[in-house]
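**Q** Submitted below is the structure of interest, expressed as structure tokens.
The values are calculated or read from the model by the stated rules, or taken from the named source; none is laboratory data. Quick caveat: nothing in here was measured; it's all calculated off a predicted structure. Neighbour counts are summed over all protein chains in view; Cβ atoms, including those assigned to glycine, are modelled from backbone coordinates with ideal geometry. Each accessible area value is taken on the protein alone, full model and side chains, heavy atoms only, with ligands, DNA and RNA left out. Shrake-Rupley method; radii C 1.70, N 1.55, O 1.52, S 1.80 Å.
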Amino acid sequence: MFETLSQRIRAAVDKLRGRGRISEADLKTTLREIRMSLLEADVNFEVAKAFVNAVQEKALGAQVLESLTPAEQILTIVYEELVQTLGGEAKQPTLKSEGNLWFMVGLQGSGKTTTSGKLAAFYKAKGRRPLLVAADTQRPAAREQLRILGEKVGVPVLEVADGERPEVTARRLREHLTFDYRDLVIVDTAGRLQIDEALMGELAKLKEVLRPTETFLVIDAMTGQEALGVSRTFDERVGISGLILTKLDGDARGGAALSARYVTQKPIVFAGVSEKIEGLEPFYPDRLASRILG
Ligand code: GDP
């Protein structure tokens, strides 16, 4: 994974090795090549441009041109800027002792339902009492998928009915919680294959009624460029508090992670690393940056 991006960035920087001092033109050439490699890794152009500008500013500030080891210095700056673009410090979701309600949103196929099940298993293992809510009012198959996952991880699943109104869902949820105490409710919402205006409206309405404590956008790491538009729209229309990146075990090229984080400025809190229930890890910006640089 990320091999191409890492190889290309290294190749660009390696040209400076053993050269002693470099000129500003050399630096510009290297930065242009880094920008090209980001674009080829499906990083959105806006993100690639901002990234390279930041690297250039830091390189000049760090007097890379005066340095006898410019290649090493540039690599360090690129690494630090990658960590920064991916969020800097690792962040975990806010979790109070009770009353946690997490809203899972994202395109169909992004891994939303699987991730909901993974989160339930992850926090159950930490001693929490999760409840899963299958809130897709239009696709019974999506609800059934969550029901099966819930059975597998030993977490109850509350299912909405076809066409159920948000107020009714909220009431049923309250009723459920009066007889079955749960401290973490994970709501798996409906997804579509593409951004869908009607769905955005429905999600915003459901969110207004349920008042989640966190809203996570689930993004498939393989989507590359598209992640920018998807993240921007979900954030503007529904409002998100964090990102979860799935399928990082695939041959993703890094674009989605950088773009989604850049455009929303929301932390990436978890990463999906396999299809299995246990394939979920807290997200560490520095680890992904190291992997991108190989
Ligand atoms: P949803 O439509 O967003 O609810 O997506 P699903 O949860 O149904 O996931 C779509 C597909 O992606 C399924 O085949 C999942 O097994 C797969 N998937 C989800 N997360 C991961 C992951 O982190 N790694 C891999 N390899 N596959 C994943």
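**Q** Across the range 213-222, what is the number of residues that are surrounded by fewer than 24 Cβ atoms within 10 Å (Cβ to Cβ) and either among the small types (Gly, Ala, Ser) or in contact (Cβ under 8 Å) with a residue 60 or more places away in the chain (or both)?
**A** Summing the residues that are surrounded by fewer than 24 Cβ atoms within 10 Å (Cβ to Cβ) and either among the small types (Gly, Ala, Ser) or in contact (Cβ under 8 Å) with a residue 60 or more places away in the chain (or both) in the range 213-222 gives 4.
**Q** Let me ask something additional. Taking residue 214, is it more than 16 Å from the ligand (Cβ to nearest atom) and either charged (D, E, K, R) or at pLDDT below 90 (or both)?
**A** Spelling it out, residue 214 is indeed more than 16 Å from the ligand (Cβ to nearest atom) and either charged (D, E, K, R) or at pLDDT below 90 (or both).
**Q** Does residue 232 fit the bill of being more than 13 Å from the ligand (Cβ to nearest atom) and either at positive phi or over 15 Å from the mean Cα position of the chain (by Cα) (or both)?
**A** For residue 232, the condition - more than 13 Å from the ligand (Cβ to nearest atom) and either at positive phi or over 15 Å from the mean Cα position of the chain (by Cα) (or both) - is not met.
**Q** Let me ask something additional. Has the range 64-77 got at least one residue that is over 19 Å from the mean Cα position of the chain (by Cα), of a type in the set (D, E, K, R), at pLDDT below 95 and surrounded by fewer than 18 Cβ atoms within 10 Å (Cβ to Cβ)?
**A** yes
**Q** For the range 161-184, state whether one or more residues are surrounded by 17 or more Cβ atoms within 10 Å (Cβ to Cβ), under 21 Å from the mean Cα position of the chain (by Cα), part of a helix (DSSP H, G or I) and more than 16 Å from the ligand (Cβ to nearest atom).
**A** No - not one qualifying residue is present in the range 161-184.
**Q** Considering only residues of the range 235-277 that are within 11 Å of the ligand (Cβ to nearest atom) and open to solvent by 50 Å² or more (accessible area, probe 1.4 Å), which is modelled with the lowest pLDDT?
**A** Per the criteria, the residue is 251.
**Q** What are the pairs with Cβ atoms under 6 angstrom where one residue, in the range 268-294, is without any contact (Cβ under 8 Å) to a residue 12 or more places away in the chain and the other, located anywhere, is in a strand (DSSP E or B)? Sequence gap at least six, or different chains.
**A** 281/271
**Q** Scan 196, 188 and give me the residue that is open to solvent by 30 Å² or more (accessible area, probe 1.4 Å), within 16 Å of the ligand (Cβ to nearest atom) and out of contact with any Phe, Trp or Tyr (no Cβ under 8 Å at 6 or more places or on another chain).
**A** Answer to the check: 196.
**Q** For the range 55-94, which positions are more than 20 Å from residue 14 (Cα to Cα) and in contact (Cβ under 8 Å) with a residue 24 or more places away in the chain?
**A** Scanning the range 55-94 gives 83, 84, 85, 86, 87, 88, 89, 90, 91, 92, 93, 94.
**Q** Where residues in the range 119-135 are assigned to a loop (DSSP other than H, G, I, E, B) and surrounded by fewer than 24 Cβ atoms within 10 Å (Cβ to Cβ), which of them is farthest from the ligand (Cβ to nearest atom)?
**A** Only one residue fits best here, namely 127.
**Q** Here's another thing I want to ask about it. Tally time: how many residues in the range 96-109 are open to solvent by 60 Å² or more (accessible area, probe 1.4 Å) and more than 9 Å from the ligand (Cβ to nearest atom)?
**A** Of the residues in the range 96-109, 3 are open to solvent by 60 Å² or more (accessible area, probe 1.4 Å) and more than 9 Å from the ligand (Cβ to nearest atom).
**Q** Please verify whether the range 110-118 includes one or more residues that are more than 22 Å from residue 195 (Cβ to Cβ), open to solvent by less than 50 Å² (accessible area, probe 1.4 Å) and at pLDDT 95 or above.
**A** Yes, the range 110-118 has at least one match.
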